[in-house]
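Peer 1: This is the structure, below, for whatever I ask next.
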Amino acid sequence: MQVESVLEFCLDQDIYCFNTKHIQYVFDLDRYESITGIDESVIGIVRYNDDMMLLIDTLYLYTTEKKLDLSTQKSVVVIQDEDGSLYGMLVDEIIKIEDVEVAQVSLNLSSEEIIINHYKENDKLINEIVPLPLLHVKKIPAFSNNVESFLNVENNDKEDFLLFKIQEKIFAIEALHVKEVILKEGKIFQLDIQSKQSRFNGALSIRDEVIRVANMELESQKEDVIVIEYKGDKFCIDVDEVLDIEEFDYHKIEPLLSQSNYIKAFYNFHSKVVGIVDVEYFSMKKDDRKKQKEQYKEQKSKKKEGFLIFEIGQKRFALDIEYVRQVIYTQDISKTKSSLIGLNSLTAFIATWNHYAVDVIKLDNIFDIKTVDTDSQVVIIGDDTHLKGILVDNVEEILYIQKDHISIAQSEKIIDGAILDGDKVIPKINPQKVIELS
């Protein structure tokens, strides 16, 4: 029997799949630009990093009757045609990637010569949607050929910038990189950062996500926070005031001849000089991460080590902050219960995080403590190739501990030592052993 790798997803409570050979990447939909006049299945245009593509209502494309409910969180599966053009296929929820058997092939919509495969998984048939023939039959154009006319873009001469003020200086940043703007009062707390880089001078915890603060070399009143996302990395800027979004003419943007590393150009806006922030300067690139890790290893013996402290039941545990990717509330993520997909007793559910399917485990059985409330928090750990989520009751804080207050045991178990916080001993979890759990 032939076996294929497929990505399973939900459309209007039914499960479908795409063959992974068509897929470039997956991401959660944040925002898009609406357009009309192409086809009813085309919702608009979506940007992801440096890519722009048509956003397609996959349910309507497939059924020509039903449409997706755009009021709820959606995910985008990006496919590429033979000419290299990208399309964003909108779906309700990503479930998982699975190797499945091809049960049969039928000629659905045979008048259009579109082949729909049926895959068999645990005695259940799942319809595969083959998107490219559907797109071509409906004559939906490639982005590079037609979309610019609908956006009224002329050679990319203009772009939106978000203006903000620190002290009396006005700055601008490309609006497409702005994730959100937050009022700081009551929503964010400052973390005590022991090791400071020149590009960053601290970190903020925003909805339990630790985000680095860009060093703008100016003391702000920190009334507002701008969260920026660039090529998968996030950082934020403390500002006195967010002004407005304005359209800049590229032909009038001039290089800034300055010693400042984070300003790449200036713009004359109503007789005021506006500095344009270079987001790439603050973005953590792979080389930067490698260099940072090497420096960290060299100086590790001289510094305190950071640990995320959390509770499972009434017990406190510590986890090396170096392994922590993000802390999120369970109600803020897409998840599939383990009972629906036949996982082991350690797995609470599968979470969709940054277009990855993450196995979220519960450690209460291992530690013989009370069941974790599933409406709690998830600590995402690992790297992009090996991710795991830990279900916890409460994330308390980040502690920085002197090396002589850290005890390491040569153990193959999940607990591999302890840290001393004042007169309290906190068991230390071995993140590598958690990642290896299956």
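Peer 1: Could you list, in sequence order, all residues of segment 182-208 that are loosely packed, with under 14 Cβ neighbours inside 10 Å and modelled with pLDDT of 70 or more?
Peer 2: 183, 207
Peer 1: Let me ask something else about it. Residue 427 - would you say it is surrounded by fewer than 17 Cβ atoms within 10 Å (Cβ to Cβ), touching a residue at least 12 places away in the same chain (Cβ under 8 Å) and not assigned by TED's automatic domain parsing to the domain that holds residue 210?
Peer 2: yes
Peer 1: Follow-up. From the residues in segment 298-349 that are aromatic (Phe, Trp, Tyr) and within 14 Å of residue 389 (Cβ to Cβ), which one is modelled with the lowest pLDDT?
Peer 2: 329
Peer 1: What are the residue pairs meeting all of these: first residue in segment 242-254, first residue free of Cβ contacts under 8 Å to residues at least 12 places away in the same chain, second residue of a type in the set (Val, Ile, Thr) and part of a strand (DSSP E or B), Cβ atoms under 7 Å, and 6 or more apart or on different chains?
Peer 2: If the second residue must be of a type in the set (Val, Ile, Thr) and part of a strand (DSSP E or B), no pairs are left.
Peer 1: Further, regarding this structure: If you go through segment 17-27 one residue at a time, do you hit one that is outside any helix (DSSP H, G or I) and farther than 28 Å from residue 100 by Cβ?
Peer 2: no
Peer 1: What about residue 280, is it farther than 25 Å from residue 75 by Cβ, of a type outside the set (Lys, Arg) and modelled with pLDDT of 85 or more?
Peer 2: No: the conditions fail for residue 280.
The values are calculated or read from the model by the stated rules, or taken from the named source; none is laboratory data. Because the structure is a prediction, the values reported are computed rather than measured. Cβ atoms come from the backbone with ideal geometry, glycine included; neighbour counts cover every protein chain shown.
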